[in-house]
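For reference, the structure is listed below as structure tokens.
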Amino acid sequence: MAEPRRFRLEVSRQLASRAYHRKPRVEVAPLRDAVEIGGRRRLVEERSEEGISLQVVHGPDGCGRYSINWLMSRRSDLALASLTDAGFYLRDLESVAPPSSATYERWFGDLTVDRWLLVTTRVGEIRQDLPATAYTCRANGFVLGTDIAGNVLTCGGSLIAVTSGGRTSVDLCPGFFGLSDADSASFLVHELSHQDRTAPRPLLGTDDIAGPEDVDILNLAVSDPDSAVRNSYSFQRFVAEF
């Protein structure tokens, strides 16, 4: 780990330009009229937070009103709160009296300016993406596409959610809604970390490099910190600590 004073001086020159604010009160809007999406009539419900809407689509593909209300209540709020607190923690690491860096190092390895900046930026972007992403409910058996190896991805079994780097949406399978509050919130972080960013600066999405077992994620942080800061499971576990 870098010497604390030197780390703070270096960070002051490269500090990411993102301010973290305590989340405001969130109001849930009433169910809107059916709209045309992808050639089908569907219902869209949204809630507003500082002008950004969280949208969940349901209809023939799988999720009912219960799932909509479930996702838009404490699960997404918990993820947003954890991301906010994680952001404060990361920013405090370069303060005059920084907290222990043990939580950071447990999941991302040795604390260096470049990796700290990448993690801080990523957490901030995930927080921003959470209410701006469209979440679509799918039924078990729905074909979501293929992975990079060409394997067909179908809702069901251990597959509960899918997104990809070039997308700004997340497909949710029924299994997602069987997770606990904490697990579902952390899984949203996992999926959103996959998304690429082009503004305000290019940032490639994470990959599933090591996980989901904690021992594999922890070992990656020790053996290859540069890969740890690109691992979706590392972000999932890190944010879950807050």
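Structure notes:
- On a per residue basis, the range 149-242 carries 44 Å² of accessible surface, using protein heavy atoms and a 1.4 Å probe.
- Loop-located GluC sites (Glu not before Pro) across the range 143-242 with a Cβ neighbour count of 16 or fewer within 10 Å are Glu213, Glu241, with loop assigned by DSSP.
- Percent carbon-and-sulfur accessible area, the range 79-191, ignoring ligands, DNA and RNA, probe 1.4 Å: 55
- Residues whose amide H lies under 5 Å from that of Leu144, counting only those 5 or more places away or on a different chain, are Leu153, Thr154, Cys155; hydrogens are built 1.01 Å from N in the peptide plane.
- Going by accessible surface with a 1.4 Å probe and the largest first, Thr103, Thr120 read Thr103, Thr120.
- All-pairs alpha carbon distance profile, the range 125-242, 10 Å steps from 0, percent: 13, 44, 37, 7
The values are calculated or read from the model by the stated rules, or taken from the named source; none is laboratory data. Computed from a predicted structure; not experimentally measured. Positions of Cβ are generated from backbone atoms using ideal geometry, with glycine treated the same way; all protein chains shown enter the neighbour counts. We work out accessible area using only protein heavy atoms, side chains counted, and drop any ligands, DNA or RNA first. Shrake-Rupley method; radii C 1.70, N 1.55, O 1.52, S 1.80 Å.
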